[in-house]
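**Q** The following block contains the structure, expressed as structure tokens.
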2 protein chains.
Amino acid sequence: MNTRKDILLNAFTMNCVGHINHGLWTHPRDRSHEYTRLDYWIETARILEEGLFDAVFIADIIGVYDVYRNSIDLTARESIQLPVNDPTLLVPAMAAATRHLGFGVTVNVAVEHPYTFARRVSTLDHLTNGRVGWNVVTGYLDSAARAVGQAAMAEHDARYDRADDYLDLLYKLWETSWEDGAVRRDRAARLYADPGKIHPIRHDGPFYASQGYHLAEPSPQRTPVLYQAGTSGRGQRFAARHAECVFIMASDPESARKTSRQLREAVVAAGRRPDDIRILAGLTVVTGETDAVAADRLAEYLAYANPEAGLAHFASGSGIDFSRYGLDDAITYGPTNGIQSTTAAARQRRLTKRQLLDGLALGGRYPLIVGSGESVAAEMQRWVEEGEIDGFNLTRTVAPESWRDFIRWVVPALQERGLYKTAYREGTLRRRIFGEGDHLPERHRGRQLREAARIAAA
Amino acid sequence: MNTRKDILLNAFTMNCVGHINHGLWTHPRDRSHEYTRLDYWIETARILEEGLFDAVFIADIIGVYDVYRNSIDLTARESIQLPVNDPTLLVPAMAAATRHLGFGVTVNVAVEHPYTFARRVSTLDHLTNGRVGWNVVTGYLDSAARAVGQAAMAEHDARYDRADDYLDLLYKLWETSWEDGAVRRDRAARLYADPGKIHPIRHDGPFYASQGYHLAEPSPQRTPVLYQAGTSGRGQRFAARHAECVFIMASDPESARKTSRQLREAVVAAGRRPDDIRILAGLTVVTGETDAVAADRLAEYLAYANPEAGLAHFASGSGIDFSRYGLDDAITYGPTNGIQSTTAAARQRRLTKRQLLDGLALGGRYPLIVGSGESVAAEMQRWVEEGEIDGFNLTRTVAPESWRDFIRWVVPALQERGLYKTAYREGTLRRRIFGEGDHLPERHRGRQLREAARIAAA
């Protein structure tokens with residue numbers, strides 16, 4: 001449905017060493033171990049902005065991958081999302097070094113009370129001048145629950161009920177507490193803000209209660225662009241109600257199309273328009289000047305990748321300790337609670353361990369396109385058209401080399417096909433993604449709560 | 001006691017418009033309303049680093065000042081710490097623009113579970129290369145309690161009990177979960193980290209429970225430099241146990257000395273050394289080329305300052321709605337729960353409202369020194385020597401002008417007296433403050449918990 005729209009492109013990364021394609025940190029040119037350094041992130045942001053990426057999408061996880069061999073042994077050795085640092089703190093430094101690049105930041109609703117989280121996000125939206133998106137996740141690791149003093153992770157659907165309540169409270173703070181025009185900054189009248197246009201909100205939800213003023217004045221987008229990943233039934237209802245960008249994981253365009261249609265139907269059922277959401281598929285690309293050069297580069301990367309590390313990662317996503325199986329044992333898995341912040345295989349699958357490892361040759365489970373810029377662009381076009389999606393979350397392989405390669409070879413080929421912008425549009429992240437509007441559209445739940453939430457300041 | 005040590009100097013500010021000296025946002029040259037812009041903060045950081053400031057100390061408040069006239073009317077009009085944005089998110093951008101400046105960031109222990117907060121701080125310490133301090137506050141506003149769904153703020157001493165527990169859990173994560181040498185980054189051996197040197201912590205405290213690995217690898221300082229403000233009996237015991245820098249508010253050197261001696265005695269009673277803490281007094285300076293120029297500048301500022309706004313701020317600190325009193329009514333106040341993150345008047349005082357307003361001529365309650373660089377330096381020396389303190393938290397008046405003025409006129413005069421460094425030392429914030437050691441000293445509780453906290457990884 002989107003052939004005449006620009007493909008949306010996010011760089012998918014994480015404030016850690018091994019993110020998706022595990023083992024590649026051992027490649028001599030990989031610099032992902034520099035994740036603790038601001039200059040590494042600033043350079044990354046500048047590269048991505050040169051490539052006109054819409055956003056850098058920063059995953060996160062609370063907890064550790066300890067299902068495989070019932071330990072963190074391989075997790076520590078291959079730095080499989082451990083150590084992992086806070087994602088939000090990368091944004092201000094990357095924002096200062098760029099002007100258009102957006103930031104999709106993953107934050108689990110279990111981390112912080114919505115009252116203070118609302119301010120944290122408003123602050124990011126102010127400092128970036130309206131370039132912030134929030135990837136809403138509810139978590140899935142028992143190790144995370146134990147870390148914050150709970151016996152076990154809440155049941156899957158209950159986590160979404162809680163997230164619904166969390167968002168409703170956020171909407172009240174972001175959308176209703178400060179009216180448009182409340183901030184005057186009138187020195188002569190000694191009137192920074194008009195107290196008559198600032199209202200306390202009240203929320204008495206099933207999980208959260210709050211009474212008070214939003215601490216931050218309205219930011220450019222008020223509510224950040226809402227990202228979500230989750231294609232379970234309950235996750236899809238959540239996305240249909242809240243999400244503006246949905247991140248899916250599909251093995252091929254056909255399964256992408258199936259998910260895309262389901263999502264858009266659910267969005268319409270929630271009173272929104274089918275193109276009120278943008279759908280992005282996870283994708284790994286290895287490219288070069290020619291198909292042959294790209295194939296060589298893949299072969300080189302494969303020598304450093306670790307499929308077993310990918311399996312250890314997937315063990316926590318699926319809850320299956322694959323170390324207990326022989327190579328030719330058939331293993332039934334899925335649907336699961338999700339793989340890090342992404343959607344999991346939504347259907348039951350049955351593969352041998354050998355087949356699973358074959359699919360993890362580059363250390364990750366994302367679909368892989370290998371070829372020249374033109375070959376990759378053609379295949380991406382097929383994904384967009386046949387898969388009925390709007391764009392991609394592009395994983396890193398050897399960082400930052402793989403961003404540079406993609407920009408050098410694939411971006412011009414996409415532009416040649418009229419599929420990719422040749423300059424950034426001006427404005428907030430939301431306006432650039434949807435072509436209009438800095439704020440949530442009127443038909444979004446966040447806007448509809450406006451009247452319900454407002455109570456008299458007196 | 002510190003005449004031969006360099007005076008420690010923090011720039012005291014906040015991610016908001018009106019911080020301490022209220023009303024000055026209306027001054028034509030004041031730029032504090034640019035607080036939502038990264039370039040304003042980056043410029044501020046560069047100015048402070050030129051002036052060899054040890055750190056920028058960023059206050060914070062959760063909740064609003066609504067005691068005065070039982071409303072936020074004046075709070076909104078004069079932007080008395082409302083709106084107020086998140087302080088932590090300023091640090092990465094300021095850190096990227098500087099190399100030595102430290103960052104003292106105020107975060108209330110009520111905001112976030114210690115497990116994820118530990119990672120947030122470790123991330124800051126990594127990104128700044130060991131330049132982070134944390135100002136531990138427990139909050140005092142009922143409006144904050146209501147905002148996060150509680151009926152009222154917990155009783156004063158109970159808040160410190162809770163903070164003790166919070167810190168003990170943090171120490172386990174920061175100090176014990178990852179051993180020194182756990183991170184190897186050995187590509188050839190495929191060994192990012194040695195799993196045998198990463199341990200889960202276990203904490204079953206009265207307020208917090210946690211079981212798990214710290215998510216972040218050890219940062220340069222592990223535990224950030226711990227700042228605290230609080231001179232109540234319970235607050236002083238808390239400081240004696242945990243704090244490395246204590247921020248006090250004293251009206252004159254004599255009262256500073258009294259507090260300083262009490263604090264150092266309490267520190268010794270807690271098994272530490274008297275110089276294991278550095279004591280900084282809040283201070284406002286208005287300076288210029290000569291005493292006469294400085295006096296003129298003060299007169300100019302006074303025309304924009306708003307003493308009533310200072311009183312509204314103090315109303316929430318003291319719990320007294322001063323609007324209900326006439327100018328010549330005597331008002332008894334204190335001791336209180338503290339004024340924003342600072343210590344309050346520790347003794348009962350009795351002043352008329354007129355006298356209170358006289359003390360708030362510049363819109364704030366901090367001691368004021370007005371004069372040429374040499375006059376100010378002489379008075380600061382008297383404070384340090386007679387007050388037995390180590391340095392100052394310097395408030396802003398007209399920003400960033402007042403930083404520039406201080407650096408232009410006072411810093412050279414302090415250097416002339418041998419009281420102020422002429423170049424930064426290298427190393428972490430802790431090393432630069434104490435002259436040695438990147439980590440907490442062995443005699444600090446955070447280090448002593450190491451053995452108690454470690455449990456076998458098996």
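**Q** Put the label 7 Å from Cα along Cα→Cβ for residue A:361; what are its distances to the other copies, in nanometres, shortest first?
**A** Nearest to farthest, the other copies are at 8.0 nm.
**Q** How would the protein assembly as shown be classified by its alpha-carbon gyration tensor: rounded, prolate or oblate, with rounded meaning a/c under 1.5 and the a/b versus b/c comparison settling the rest?
**A** prolate
**Q** I would also like to ask the following. Residue B:94 accessible area, nearest 10 Å², 1.4 Å probe?
**A** Counting only protein heavy atoms, the figure is 0 Å².
**Q** Still on this model: Taking a 26 Å limit on the Cα-Cα distance, which of the listed pairs B:5/B:172; B:172/B:421; A:5/A:258; A:172/A:197 fall beyond it?
**A** B:5/B:172; B:172/B:421
**Q** Still on this structure, please answer the following. Ignoring everything except DSSP H segments at least 4 long, calculate the 222 nm mean residue ellipticity for the protein assembly as shown; use -39,500 (n - 2.57) per segment, divide by total residues, nearest 500.
**A** -10000 deg cm²/dmol
**Q** Mind pulling the angle between the C-alpha long axis of helix B:38-50 and the longest principal axis of chain B? Nearest 10 degrees, somewhere in 0 to 90.
**A** Result, in degrees: 90.
**Q** How big is the dipole moment of chain B about its Cα centre under a simple scheme where the beta carbon of each Lys and Arg is +1, that of each Asp and Glu is -1, and everything else is neutral? Debye, nearest 20, please.
**A** It comes to approximately 1060 debye.
**Q** Which whole number gives the average count of other chain Cβ atoms within 10 Å of the Cβ atoms across peptide A:49-57?
**A** 0
**Q** Normalised by the number of residues in chain B, what is the relative contact order in percent for Cα pairs under 8 Å and 6+ residues apart?
**A** Rounded, it is 24 percent for chain B.
**Q** Residue by residue through A:113-123, how many Cβ atoms from other chains fall within 10 Å of the Cβ on average?
**A** 6
**Q** Moving to a separate point now. In whole angstrom, note down how far apart the Cα centers of segment B:216-294 and segment A:1-70 are.
**A** So the separation of the two Cα centres works out to 41 Å.
**Q** Taking the Cα-to-Cβ direction at residue A:158 and at residue B:303 and moving 7 Å from each Cα, how far apart do the two end points lie in nm?
**A** It works out to 6.5 nm between the two label points.
**Q** Sort the following peptides by mean Cβ neighbour count (other Cβ atoms within 10 Å, averaged over residues), highest first: B:187-199, A:6-18.
**A** A:6-18, B:187-199
**Q** If you don't mind, there's one more thing I want to ask. Of A:229, A:216, A:188, which is farthest towards the positive pole of segment A:133-234's charge dipole, taken about the Cα centre with +1 and -1 on the beta-carbons of Lys, Arg and Asp, Glu respectively?
**A** Result: A:188.
**Q** Compute the label-point distances linking residue B:326 to its equivalents in the other copies; points lie 7 Å from Cα along Cα→Cβ; give nm, one decimal, shortest first.
**A** Computed spacing set for this position: 9.8 nm.
**Q** I'd like the distance between the alpha-carbon centres of segment A:305-330 and segment A:133-168, rounded to an integer number of Å.
**A** When both Cα centres are located, 25 Å separates them.
**Q** Then there's this: I need the phi-derived Karplus couplings for segment A:382-399: 6.51 cos²θ - 1.76 cosθ + 1.60, θ = phi - 60°, integer Hz, Gly and Pro marked x.
**A** 4, 4, 5, 6, 6, x, 6, 10, 10, x, 9, 9, 8, 6, 9, 10, 9, 9
**Q** Separate question: Sort B:416-423, A:106-113, A:275-282 by the packing proxy (mean of other Cβ within 10 Å over each peptide's residues), most packed first.
**A** My ranking of the peptides, most packed first, is A:275-282, A:106-113, B:416-423.
**Q** Moving on. Could you state the angle between the C-alpha long axis of helix A:156-171 and the longest principal axis of the C-alpha atoms of chain A, as a value from 0 to 90 degrees rounded to the nearest 10?
**A** In chain A, helix A:156-171 runs at an angle near 40 degrees to the longest axis.
**Q** Taking the Cα centre of segment B:223-380 as the origin, how large is its charge dipole in debye, to the nearest 20, when only Lys and Arg (+1) and Asp and Glu (-1) carry charge on their Cβ atoms?
**A** The dipole of segment B:223-380 has a size of about 1020 debye.
**Q** Hey, another quick one. Which percentage, to the nearest 5, of the DSSP beta bridges contained in chain B is antiparallel?
**A** Expressed as a percentage, antiparallel bridges in chain B total about 25.
**Q** Another question, if that's okay. Give me the inter-chain shielding for A:28-38: mean count of other chain Cβ atoms within 10 Å, whole number please.
**A** 3
**Q** Ok, one more. Please name whichever of B:45, A:384, B:145 sits farthest to the positive end of the charge dipole of the protein assembly as shown, dipole taken about the Cα centre and charges placed at Cβ: Lys and Arg +1, Asp and Glu -1.
**A** Farthest along the dipole direction, towards plus: B:145.
**Q** Could you work out how far helix A:291-302 tilts from the main Cα principal axis of chain A, as a 0 to 90 degree angle to the nearest 10?
**A** Helix A:291-302 sits at roughly 90 degrees to that axis.
**Q** How far is residue A:412 from itself in the other copies, in nm, if each label sits 7 Å out from Cα along the Cα-Cβ line, shortest first?
**A** 5.6
**Q** Shifting gears a bit: Could you tell me which residue out of A:16, B:355, B:7 lies farthest along the dipole of the protein assembly as shown toward its positive end? Charges go on the beta carbon: Lys and Arg +1, Asp and Glu -1, centred on the Cα centre.
**A** Comparing the listed Cα positions along the dipole, B:355 ranks first.
**Q** To the nearest 20 Debye, how big is the dipole of segment A:172-267 about its Cα centre, given +1 on the beta carbon of each Lys and Arg and -1 on that of each Asp and Glu?
**A** Charge dipole of segment A:172-267: 60 debye, to the nearest 20.
The values are calculated or read from the model by the stated rules, or taken from the named source; none is laboratory data. All figures in this text were calculated on a predicted structure; none of them were measured in a lab. With ideal geometry, Cβ positions are generated from the backbone for all residues, glycine too; neighbour counts draw on all protein chains shown. Side chains included, ligands, DNA and RNA excluded: accessible areas come from the protein's heavy atoms. Shrake-Rupley method; radii C 1.70, N 1.55, O 1.52, S 1.80 Å.
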